[in-house]
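Working notes, structure below.
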Amino acid sequence: MKEFNSKINDFVIGQVIPSSKVKIDKKTYKNYNRLIGEINPIHLSKKYAQNLGFDDIVVAGNFLFSIVNKWIVDWIKDVKIFKKISIKFENPVYPDDEITFLGKISNIDNSENEKIIICNFKVKKSNTIEVMNGTIELKINSND
Amino acid sequence: MKNDVEIIIRDFHKTLLNIIDDFGLKEIIINENEIAEFCNLINDNNLIYLDDGSANEAGLEGKILPPGYFMNLTTKFIYEIFIKGGPDLFASKIIKGLIHTNSDVEFFKPILMNKKYKIKIELSNPLKKEGAKGTYYSIIFQISLLDNEFNVYAVDNHDFFFPI
């Protein structure tokens, strides 16, 4: 914990979160749908998704949310300080898409008892299409 | 036509509210096997989700739910609500489907595995919006995870839009 505290104390506004690339493997996504009991046909049926104007089945926001969270927790290495995440889904992600996670620290608020770190992130596919974006709040109490 | 749409949206909202009211507070226990499988699927090797000893070393009472899994828990209950609504819920053909557009999630305490929690669901009023592709409505399910003393562990404000 002391090691982490010294790392978090070194965080600065503008600091970049190490980027990450993930390919949404079709088989993995299918197994995920089975695991969580997905029923929304937009995530299961290509025909249904196409009727709604999509190219293929749409990868669920929940699945993408899972991967974003993993990316952040892998970076901060202390899940206890991860307090909030707002995520907006801008464009669909389809199975076999490769997505890239990008983010940086946009604000740091130091008070007597706590430090709040705000990060903005975005996720792109094909390096140009933004599929998600959002903000993350990390909170460190001075007693930690 | 416009009034028909608004009536359908109002009835849809009312139906959902009635179902949520009947739903009440649902009890859940986080299944550690499900979490282990999930971690394997997304290549998450963080032992705080898999091993009590490792979680203790990290300052936690025991292994915890990956924050990324929380939304999977909340969605299950939203789907239960839709299933309870039955085929008539989307039978109007005016509401073509629901698309999850954004979520605001807040974590208050680590969510321990194998502990009993309660799920509380609340629903916003539908909000009419205009987009590039026409009119749509937005509705937010607020899902809270509580313990038996009603302490809040996490909240997901799960926003759906439904195109008309």
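I need the peptides A:62-72, A:23-33, B:121-131, A:129-139 ranked by packing, meaning the mean over residues of other C-beta atoms within 10 angstrom, with the highest value on top.
Working: A:62-72: 23.3, A:23-33: 15.8, B:121-131: 13.5, A:129-139: 19.0.
Most protected by this proxy first, the peptides run A:62-72, A:129-139, A:23-33, B:121-131.
What would the Debye equation give as log₁₀ I(q)/I(0) for the protein assembly as shown at q = 0.08, 0.14, 0.15 Å⁻¹, counting only Cα atoms as equal point scatterers?
-0.37, -1.15, -1.31
Enter the mean number of other protein chain beta carbons within 10 Å of the beta carbon of each residue in A:76-86, as an integer. Walk me through the numbers before you get to the answer.
On the way: counts 0, 2, 3, 13, 8, 1, 3, 5, 6, 10, 6.
If you average over the peptide's residues, the count of other-chain Cβ atoms is 5.
Between residue A:54 and residue B:118, what FRET efficiency comes out of the Förster formula 1/(1 + (r/R0)^6) with R0 = 45 Å and r the beta carbon distance, rounded to 0.05? Don't jump to the answer; show the numbers that get you there.
Values: r = 36 Å, r/R0 = 0.79.
My answer for the efficiency is 0.80.
List the relative contact order of region A:44-144 as a percent without decimals, with contacts defined as Cα pairs under 8 Å and 6+ residues apart. Display every interim value, and only then the final one.
Working: 168 pairs, mean separation 26.0, N = 101.
Worked out over region A:44-144, it gives 26 percent.
Can you tell me, using C-alpha contacts under 8 Å and at least 6 residues apart, the relative contact order of region B:1-100 as a whole percent? Intermediate results must be reported in sequence, preceding the final value.
Values: 56 pairs, mean separation 27.3, N = 100.
Contact order relative to length: 27 percent.
Would you order A:38, B:80, B:37 from fewest to most other beta-carbon atoms within 10 Å of each residue's own beta-carbon? Show your work: numbers first, answer last.
On the way: A:38 21, B:80 17, B:37 14.
The order, fewest Cβ neighbours first, is B:37, B:80, A:38.
Roughly how many whole Å is it from the C-alpha centroid of region A:14-70 to that of region B:1-75?
Spelled out, the Cα-based centre of one part sits 16 Å from the other.
Quick one: if you stick a label point 7 Å off each Cα along the C-beta vector at residue B:51 and residue B:133, how many nm between them?
For the pair residue B:51/residue B:133, the computed spacing is 4.6 nm.
How many Cβ atoms of partner chains, on average, are near each residue of B:105-113 if near means within 10 Å of its Cβ? All intermediate terms of the calculation are to be shown ahead of the outcome.
On the way: counts 8, 5, 10, 2, 1, 3, 0, 0, 0.
Across the residues of B:105-113, the mean count of other-chain Cβ atoms within 10 Å is 3.
Please average, across the residues of A:34-40, the number of beta carbons from any other chain that are within 10 Å of each residue's own beta carbon, and give a whole number. The partial results should precede the final answer.
Numbers: counts 2, 7, 10, 5, 4, 6, 8.
Counting Cβ atoms of other protein chains within 10 Å of each residue's Cβ and averaging gives 6.
Can you tell me the order of A:81-89, B:17-25 when each peptide is scored by its average per-residue count of other Cβ atoms within 10 angstrom, highest first? Spell out each step's value before the answer.
Working: A:81-89: 19.8, B:17-25: 13.2.
Packing order, densest peptide first, comes out as A:81-89, B:17-25.
Which order, highest average first, do B:66-75, B:51-60, B:104-113 follow once you tally other Cβ atoms within 10 Å for each residue and take the mean per peptide?
Values: B:66-75: 24.6, B:51-60: 15.0, B:104-113: 18.8.
My ranking of the peptides, most packed first, is B:66-75, B:104-113, B:51-60.
Per residue of region A:122-135, in order, report the coupling 6.51 cos²θ - 1.76 cosθ + 1.60 (Karplus, θ = phi - 60°) as ³J(HN,Hα) in whole Hz, putting x for Gly and Pro.
With the stated coefficients, region A:122-135 comes to 9, 10, 10, 10, 6, 6, 10, 8, 7, 9, 8, 8, x, 10 Hz.
Rounded to the nearest 0.05, what FRET efficiency do residue A:27 and residue B:15 give with R0 = 35 Å and r taken as the Cβ-Cβ distance? Could you check?
On the way: r = 37 Å, r/R0 = 1.06.
Taking R0 as 35 Å, the efficiency between residue A:27 and residue B:15 is 0.40.
Relative contact order (percent) for region B:16-164, with alpha-carbon contacts under 8 angstrom and 6 or more residues of separation? Write out the running numbers ahead of the final one.
Details: 252 pairs, mean separation 38.7, N = 149.
Once divided by the residue count of region B:16-164, the mean separation gives 26 percent.
All of the numbers you see were taken from the coordinates with simple rules; none came from a lab. For clarity, every value in this text was computed on a predicted model and none was experimentally measured. In this analysis, Cβ positions are derived from the backbone assuming ideal geometry, glycine residues included, and neighbour counts consider all displayed protein chains.
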